[in-house]
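Engineer: This is the structure I want to talk about, given as structure tokens.
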Amino acid sequence: MAANTSGRFNLVLAVDDLNDDVKRIVEFLNAVTVPATGVIVVEFTHAQDGDVEILIPTAYGTDLVEAKAAAPAASVRTWGEADFLAWCDVNDPPATPLILEFLGSLRSAGFHIVGGREQTPSLNCSITSPRGVRWPVALYAFASSKEVSAKVEVRFPDYRRQPEIREALAQGVEAIPGIPIPVGLVRQSDFRKRPNIPARDFTAEQLRTLPTAVAAAIRG
């Protein structure tokens with residue numbers, strides 16, 4: 001971690017594979033952390049010149065950190081549940097009662113829900129486990145020329161290096177009858193895929209059951 005004279009802290013993470021999942025984690029961390037904290041990831045590749053071995057760094061996230069530092073603190077919007085539901089009312093009305101059901105079930109299962117700082121409303125859901133606080137579930141508003149929907153996401157890639165948790169998570173999710181989350185596809189990708197599914201593709205019962213299944217897997 002590095003600090004500068006302005007009192008900002010930048011956390012620098014070193015990885016050996018700067019893939020899309022790592023980039024999304026950096027984007028997520030920069031979105032949910034306070035303005036005074038930035039997250040950058042650096043990939044080191046090896047090069048050999050005779051007997052000399054060289055490490056070549058490639059950084060990702062510096063532009064996000066710089067933009068975050070440049071934005072006045074007052075202009076950083078943190079979305080709340082009311083914002084997310086209001087967005088659904090206007091843009092994806094069938095999702096509103098389902099999201100309400102889901103948020104209630106998340107709280108009942110022990111999740112803590114905080115607003116994100118994306119361009120459109122988003123919510124991040126944490127739960128305390130024996131390994132600390134984890135963020136396995138997110139909701140966000142998605143809008144493109146082809147689709148406008150409130151999305152539900154289970155963050156499988158966050159646990160791909162923890163075989164017991166990732167398998168418990170997969171089994172718990174796929175045990176829910178008719179769940180639209182493609183767990184088979186997640187397994188085929190070695191848990192690199194992070195399916196985000198429109199809330200309206202779920203039934204109310206599936207969204208009531210999903211938080212309990214995720215909580216059980218994460219808590220072990």
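Engineer: What are the residues in region 181-204 that are closer than 17 Å to Tyr140 by Cβ and either in contact with a Ser or Thr (Cβ under 9 Å, 6 or more places away or on another chain) or touching a residue at least 40 places away in the same chain (Cβ under 8 Å) (or both), if any?
Structural biologist: Across region 181-204, the qualifying residues are Arg194, Pro195, Asn196, Ile197, Pro198, Ala199, Arg200, Asp201, Phe202.
Engineer: Moving on. Can you tell me which residue in region 95-143 is most open to solvent (accessible area, probe 1.4 Å), limited to those that are modelled with pLDDT of 95 or more and in a loop (DSSP other than H, G, I, E, B)?
Structural biologist: Gly110
Engineer: For Lys151, only one of the following conditions fails: (1) among the charged types (D, E, K, R); (2) free of Cβ contacts under 8 Å to residues at least 24 places away in the same chain; (3) under 25 Å from Arg200 (Cβ atoms); (4) surrounded by 14 or more Cβ atoms within 10 Å (Cβ to Cβ). What is its number?
Structural biologist: (2)
Engineer: Any idea how many residues of region 57-80 are at pLDDT 75 or above and not in a helix (DSSP H, G or I)?
Structural biologist: Result for region 57-80: 8.
Engineer: Does Ala217 qualify as being of a type outside the set (S, T, N, Q), in a helix (DSSP H, G or I) and within 21 Å of Ile25 (Cβ to Cβ)?
Structural biologist: Yes: the conditions hold for Ala217.
Engineer: In addition: Can you name the residue in region 1-55 that is among the polar types (S, T, N, Q), more than 20 Å from Trp135 (Cβ to Cβ) and at pLDDT 75 or above and, of all such residues, is surrounded by the most Cβ atoms within 10 Å (Cβ to Cβ)?
Structural biologist: Restricting to residues being among the polar types (S, T, N, Q), more than 20 Å from Trp135 (Cβ to Cβ) and at pLDDT 75 or above, the top hit is Asn10.
Engineer: Sort through Asp89, Asp158 and tell me the only one that's among the charged types (D, E, K, R), closer than 21 Å to Pro195 by Cβ, in a helix (DSSP H, G or I) and open to solvent by 50 Å² or more (accessible area, probe 1.4 Å).
Structural biologist: Asp158
Engineer: Here is a further query. From the residues in region 78-95 that are out of contact with any strand residue (DSSP E or B) (no Cβ under 6 Å at 6 or more places or on another chain) and touching a residue at least 40 places away in the same chain (Cβ under 8 Å), which one is farthest from Ala150 (Cα to Cα)?
Structural biologist: Glu81
Engineer: Residues in region 180-214 that are assigned to a loop (DSSP other than H, G, I, E, B) and under 17 Å from Pro94 (Cα atoms): how many?
Structural biologist: Total satisfying the criteria: 3.
The values are calculated or read from the model by the stated rules, or taken from the named source; none is laboratory data. On a predicted model such as this, the values are computed, not experimentally measured, just so you know. Ideal geometry is used to build each Cβ from the backbone, glycine not excepted, and the neighbour counts take in all protein chains shown. For the accessible areas, the whole protein counts, side chains as well, though only heavy atoms, and no ligand, DNA or RNA atoms are used. Shrake-Rupley method; radii C 1.70, N 1.55, O 1.52, S 1.80 Å.
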